[in-house]
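Structure first, then comments.
No value in this document is a laboratory result; all are computed from the given coordinates. Computed from a predicted model, the values in this text were never measured in an experiment. Here the Cβ is made from the backbone with ideal geometry for all residues, glycine too, and neighbour counts use every protein chain on show.
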Amino acid sequence: MTALTDLTIAEARAGLAAGDFTATELTEAHLAAMEARAGLNAYITPTAERALAMAKTSDARIHAGQAGTMEGIPIAMKDLFCTNGVRTTAGSTILGTFVPPYESTVSAKLWDAGAVLLGKANQDEFAMGSSNETSAFGNAVNPWTRAGDPDTTLVPGGSSGGSAAAVAGRIAMAATGTDTGGSIRQPASFCGIVGLKPTYGRCSRWGIVAFASSLDQAGPMARTVTDTAIMMGAMAGHDPQDSTSAPVAVPDFAAAVEQGVKGLKVGIPKEYRPEQGLSPEIDAIWAQGMAMLRDAGAETVDISLPHTKYALPTYYIIAPAEASSNLARYDGVRYGLRVLEEGDSLNDMYCKTRAAGFGAEVKRRILIGTYALSAGYYDAYYLKAQKVRTLIAQDFKAAFDGGVDVILTPTTPSAAFPIGAEIDDPVTMYLNDVFTVPTSLAGLPGLSVPVALTSEGLPQGLQLIGRPFDEETVLRAGRALEKAAGFTAKPRLLEG
Amino acid sequence: MSLDKETVHRIAFLARVAVPDDQLDPLSRELSGILHWIEQLGEVDTTSVEPMTSVAEMTLPWRDDVVTDGGYPERVTANAPESQDGFYLVPKVVE
Amino acid sequence: MDATPETSYRLRGETGDWEVVIGLEVHAQVISTAKLFSGASTTFGAAPNSQVSLVDAAMPGMLPVINRACVEQAVRTGLGLRAHINTTSVFARKNYFYADLPQGYQISQYEQPIVGEGSLVLDMPDGASRTVGIERLHLEQDAGKSLHDQHPSRSFIDLNRSGVALMEIVSKPDMRSPEEAGAYLRKLRSILRYLGTCDGNMEEGSMRADVNVSVRKVGEPGLRTRCEVKNVNSVRFVMQAIEVEAMRHIEIWESGAEVEQETRLFDPARGETRSMRSKEEAHDYRYFPDPDLLPLTFDDAFVDRIRATLPELPDDKKARFIADYGLTPYDASVLVVDRKEADFFEAVAKGRDGKAAANWVISTLFGTLNKRGVGIEDSPVSAENLGKLIDLIADDTISGRIAKEVYEIMVETGGAPDAIVEERGLKQVTDTGAIEAAIDQVMAANPDKVEQVKGGKEKLLGWFTGQVMKATQGKANPGMVNELLKKKILG
């Protein structure tokens, strides 16, 4: 029999319904695995007691025939989601002691659907990072290692690195992530799992620690496209408490998954082969993906998204600008860290608290953002970036208006890299998000699906981008890729 | 655009982040590097392009004018580093 | 009307005469049940932090949702100021750190306010009118409150006010004297109260003014550097602050120095303004559109629905009072300041002599109210009774003198004038026989004076009138007394 921790959500739901095992057993198996693989540092705050209590409730609900769509499914919750009575740090020292007296809308929906909280997942500080190395609680570790090089630990990607590591490491059946410029898709690709950044406005942002409000979106991370769709259904929905939450109906994502891609037009943007050259290996995996979709009955067409190369610099003005304002509330007055020495003024307290509470990357972005908004520079930076953002969104719109149903690209320009390799060079680190950021700027849904292993034996994902609120087509195409790729490789950590 | 030490100092104070003097130089080099990279945006012709206001194609929702919230000072101050009698406490502000 | 009012207000300096250029930024608290972006209550005087939602306390991940009523109130106010309503406006964040600003930014409106240019007519004491331009009106959040004297080393922060909706109403620099600034504030307050969008109580802080002051030589084109005097909380203080700030500028300019643009604070105890430069240091608000909110949009029909509910506003009412009741512009402007007072006047004046009604209301009733320190809603004399009193004079039931007596009794007892006149036998005597009898008596007692009148000293007739009135306890109709006296003595 398959280990309980290896089950997909779909399989676990069937097993629970059939009484093959209980939610408590399922949760216990995961808690044991979490202890065994504590070295992944995937969790900042494990919540074993709460998990068992929730599992018990799930068992009762299953018994009473009242099971929700995620009933008894143990998940990791990214530590950016405020959880009532459970410490929520955003990966930062400044929130190291913060216990929210409220529950985020998305997490509340998941608990309503029956999900079980295993713990709060590690992440880059305030979701700013692409490697999980900016976490104040130590980096999460990618369960994958390079073939023949088991001693070099690799980053899980970021910012939802703890979530990805937990799902890939079988210490969570699924996890929530948030994606601002690639924070779900890039770690999903690095860890060989599926991750969906929904359309901006699909999931409520209420109760999620804000990084960049115009870009942040919550989404599911799981091991299969179907699991991702199931979880997506539980997370999505209009929330009157979030003015940017879209008042649109939530479709049955899981039902859409198996509809196939026959007749779909798949756009292949030529600009995703940057001038510097995409590594031939990634290029080949991309080509494989095109072939898989064609074999499944789709048509691939070349498209142009001319402003692609400007997406990253645009993003690195808009996101830090919004962050510099969003993070102003961490001032040592109402919650979190306070550094106050005898004789300090209010300003001293602000400056010391924020210097001690924020890490280097967060400070870097706050300063860049502050500068970009400051008098005399607003037009040249922020306003310019918002104009280029319009052009980027128009590129996508033109492609979809031209009849393309979905766009296929690599998720990342490379596979997972060793811890410490890029941390000292911000711009190189930023380039990790080169393929995911344009989608974020345009607010479109993007799905990363693991398709192949690189020659180093590391997973590589491809990204599917859809029309606004058309996650269904994206998931359909993702399922087609998944089926064709037959990606069954597991991290060596788990084979040992 | 490269940032000099003084500008970094000014920006850091605007953002209320203490930066030790010996870090001003390396930080200004680092930030200048990022800004330099960002400035490739200058190549894009944005004449008569409207800045993006929101990717969400919807209108701003309104709430009704009824009291639905508040009345829980203990929840509001539960995480405060320093509070007394329901107030937050900060170093004395001299106006 | 001229947008740049003429004024004779001049300040004498050593180098000649100066004029003052004044613009006002008024923060008016919007009347609403809940806050601008949260569902917490706006009522005053609650326990600290008890009217604070997680949004108002800027807890991580909290998001604003706008209150419909606040939008309606802003539009309503804009219409009352004859201003352009912007059907698309944008909320922006104004970023700065302060102890009572939990988000680290204030949600305000910057480049695209909800209300654009409008105008406001000043009613000056001499009865003249001057128009002051309105630059804009925008919606924004109020901050919390800091208490500084509770503790030796700590300030106490209460966020109950944090997030309450304010309208910032910005005038053009069209005012030229403290009196005009005072008239502006009084008129604005009057309009806000008519509209029901702000209670206008400056003492309680629900209306606060920032005053922009500069000076220039009479006849000089262009403007010199201005200073902003912050948070002045009464009309009187605004007028004082302008005067002392203007004098300060004149002294600086005349000493050969330059006025520095800065924010200052008015100290009413010392009668001076002082620099707030410490608070000013390196202010750079880094405004940008709030990404948690979409542009605020509504259609013309929304504006029209609000327009349809507007009351008659002071200016229109004043014009109507002048036209319908024959009032002087000054009397009309006094009567329309307060909507309830205006309604009271109308109830008194309807179907009667408007001028007489205005006189009674302004000179007599307002005096009574002032003395008693009560508002029109607590008037001891009802409009109906005051009207009846005027009727009693008009139909010669009582004389003006008796009417004053009756009025005082009405104030004391709250009674109706006709009943009072009846009960106390104050009815005017119009019976010729009774008056003649009284005249005969007086003539018989003063034959010498009768002779003097006959001899041409007609002035003495007045004395006779007084004596006859006395004899009738003031109830005789004075006109009839006069007429009969003349007839009897002079033939």
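Got the relative contact order for chain A handy, in percent, Cα pairs under 8 Å and 6 or more residues apart?
Normalised by residue count, the contact order of chain A is 17 percent.
What distance in nm separates the simple spin-label points at A:A489 and C:K457, each placed 7 Å from Cα in the Cβ direction?
Once both label points are built, they end up 13.4 nm from each other.
Specify the inter-centroid distance of the stretch A:241-262 and the stretch B:20-39, based on alpha-carbon positions, in whole Å.
Distance between centres, Cα-based: 43 Å.
Report the charge-dipole magnitude of chain C in Debye, nearest 20, computed about the Cα centre from +1 at each Lys and Arg Cβ and -1 at each Asp and Glu Cβ.
It works out to roughly 760 debye.
Compute the label zone of C:T225 within the stretch C:250-267: residues whose backbone N is under 18 Å from the point 7 Å along Cα-to-Cβ.
Backbone N within reach: C:250-265.
With charges set only on the Cβ (+1 for Lys and Arg, -1 for Asp and Glu), what does the dipole of the protein assembly as shown come to about its Cα centre, in debye to the nearest 20?
Once rounded to the nearest 20, the dipole reads 1280 debye.
Run the dipole for the stretch C:305-435 about the Cα centre, Lys and Arg Cβ at +1, Asp and Glu Cβ at -1, nothing else charged, and hand back the magnitude in debye, nearest 20.
So the magnitude is around 440 debye.
Pop out the ³J(HN,Hα) list for the stretch C:458-466 in order, Karplus 6.51 cos²θ - 1.76 cosθ + 1.60 with θ = phi - 60°, rounded to Hz; leave Gly and Pro as x.
Values per residue, Gly and Pro as x: 5, 4, 5, 4, x, 4, 4, 4, x Hz.
What whole number of Å gives the distance from the Cα centroid of the stretch C:454-491 to the Cα centroid of the stretch A:318-367?
Answer, in whole Å: 91.
Along the Cα→Cβ direction, 7 angstrom out, place labels at C:E251 and A:T152. What is the inter-label distance in nm?
7.5 nm
Mind checking the stretch C:379-455 for trypsin sites (Lys or Arg not before Pro) that DSSP puts in a loop (not H, G, I, E or B) and that have at most 16 other Cβ atoms within 10 Å?
Answer in residue order: C:R424, C:K427.
For the stretch A:169-274, what class follows from the C-alpha gyration tensor (a ≥ b ≥ c being the square roots of its eigenvalues): rounded when a/c is under 1.5, otherwise prolate if a/b is larger than b/c, else oblate?
Rounded is the answer for the stretch A:169-274, as its axis ratio a/c remains below 1.5.
Please report, for the Cα atoms of the protein assembly as shown, the Rg to one decimal and the Dmax as a whole number; what are they, in angstrom?
38.3, 144
What's the angle, to the nearest 10 degrees (0 to 90), between helix C:400-413's Cα axis and the longest principal axis of chain C?
Result, in degrees: 50.
If you take the charge dipole of the protein assembly as shown about its Cα centre, with +1 on Lys and Arg Cβ and -1 on Asp and Glu Cβ, which of C:L386, A:T409, A:A121 is farthest toward its positive end?
C:L386
If the elastic network links every pair of Cα atoms under 10 Å, which of B:Q40, B:Q84, B:Q23 fluctuates the most in the Gaussian network model of chain B?
Residue with maximal mean-square fluctuation among B:Q40, B:Q84, B:Q23: B:Q84.
Do any GluC sites (Glu not before Pro) in the stretch C:209-269 lie in a DSSP loop with no more than 11 other beta carbon atoms within 10 Å, and if so, which?
Counting only loop positions with at most 11 other Cβ atoms within 10 Å, the GluC sites (Glu not before Pro) in the stretch C:209-269 are C:E258, C:E260.
With a cut-off of 8 Å between alpha carbons and a minimum separation of six or more residues, what is the relative contact order of chain C in percent?
Computed value for chain C: 14 percent relative contact order.
Considering the dipole of the stretch C:432-490 built from charges on the beta carbon (Lys and Arg +1, Asp and Glu -1) around the Cα centre, which of C:G462, C:T472, C:L484 is farthest to its positive end?
Comparing the listed Cα positions along the dipole, C:G462 ranks first.
Which loop-located GluC sites (Glu not before Pro) does the stretch A:274-347 contain, where loop means any DSSP state but H, G, I, E or B and the Cβ has at most 15 other Cβ atoms within 10 Å?
Here the sparse-neighbourhood loop sites are A:E275, A:E341, A:E342.
Report, in deg cm²/dmol and to the nearest 500, the calculated mean residue ellipticity at 222 nm for the protein assembly as shown, where each DSSP H run with n ≥ 4 adds -39500 (n - 2.57) and the sum is divided by the residue count.
Result for the protein assembly as shown: -11000 deg cm²/dmol, rounded to the nearest 500.
Under 18 Å from a point placed 7 Å out from the Cα of C:S119 along the Cα-to-Cβ direction: which residues of the stretch C:79-93 have their backbone N that close?
C:79-85
How big is the Rg/Rh ratio for the stretch C:352-465, C-alpha atoms only, Rh by Kirkwood, two decimals?
Using only Cα positions, Rg/Rh for the stretch C:352-465 is 1.13.
Could you tell me which of B:L14, B:V76, B:V90 has its Cα farthest along the dipole of chain B towards the positive end, charges placed at Cβ (Lys, Arg +1; Asp, Glu -1), taken about the Cα centre?
The Cα lying farthest towards the positive end belongs to B:V90.
Between the alpha-carbon centers of the stretch A:112-147 and the stretch A:438-493, tell me the distance in whole angstrom.
With the stretch A:112-147 and the stretch A:438-493 each reduced to a Cα centre, they are spaced 19 Å.
By its C-alpha gyration tensor, with a ≥ b ≥ c as the square roots of the eigenvalues, how is chain A shaped: rounded for a/c under 1.5, else prolate for a/b larger than b/c, else oblate?
rounded
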